[in-house]
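Asks: Sharing a structure with you now.
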Amino acid sequence: MAHKSDADKLQEAQQLKRKELQFQEGKLKELQSELGKLNAKIGNNEKLSIDDTKYISELGWLAALSVTIAAIASGL
């Protein structure tokens, strides 16, 4: 069985990272769309649904968690 060279391993890792980044980009576009809808509702003084409020609260919790993770990572 032939072993992969370091260059092949690096190329595979880069390809996997590109796929992961493309997936994340798609998720970010979905998030941006949802936030745009919520922003339009707020701008039009529309009443937010319970689901809208829940979504906003979950985003706040995730934002706080991401800051915590970033702080821990920078300390390592």
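Asks: For helix 6-43, what angle does its Cα long axis make with the longest principal axis of the chain, in degrees from 0 to 90 and rounded to 10?
Replies: Tilt relative to the chain: about 0 degrees.
Asks: What value, in deg cm²/dmol to 500, does the helix sum -39500 (n - 2.57) over DSSP H runs of n ≥ 4 give at 222 nm once divided by the residues of the chain?
Replies: Taken over the chain, the calculation gives -30500 deg cm²/dmol.
Asks: Debye sum, Cα scatterers, the chain, no solvent: what log₁₀ I/I(0) at q = 0.18, 0.21, 0.27, 0.28 1/Å?
Replies: Debye curve over Cα of the chain, log10 I(q)/I(0) at q = 0.18, 0.21, 0.27, 0.28 Å⁻¹: -0.92, -1.03, -1.16, -1.18.
Asks: Using the crude model of +1 on Lys and Arg Cβ and -1 on Asp and Glu Cβ, and no other charge, please compute the dipole size for the stretch 12-76 relative to its Cα centre, in debye to 20.
Replies: Around 100 debye, computed over the stretch 12-76.
Read-outs: derived from the displayed coordinates by stated rules, not from any lab. Note that the structure is predicted; figures quoted are calculated from it, not measured. A quick note on method: Cβ atoms are made from the backbone with ideal geometry, for glycine too, and the neighbour counts reach across all protein chains shown.
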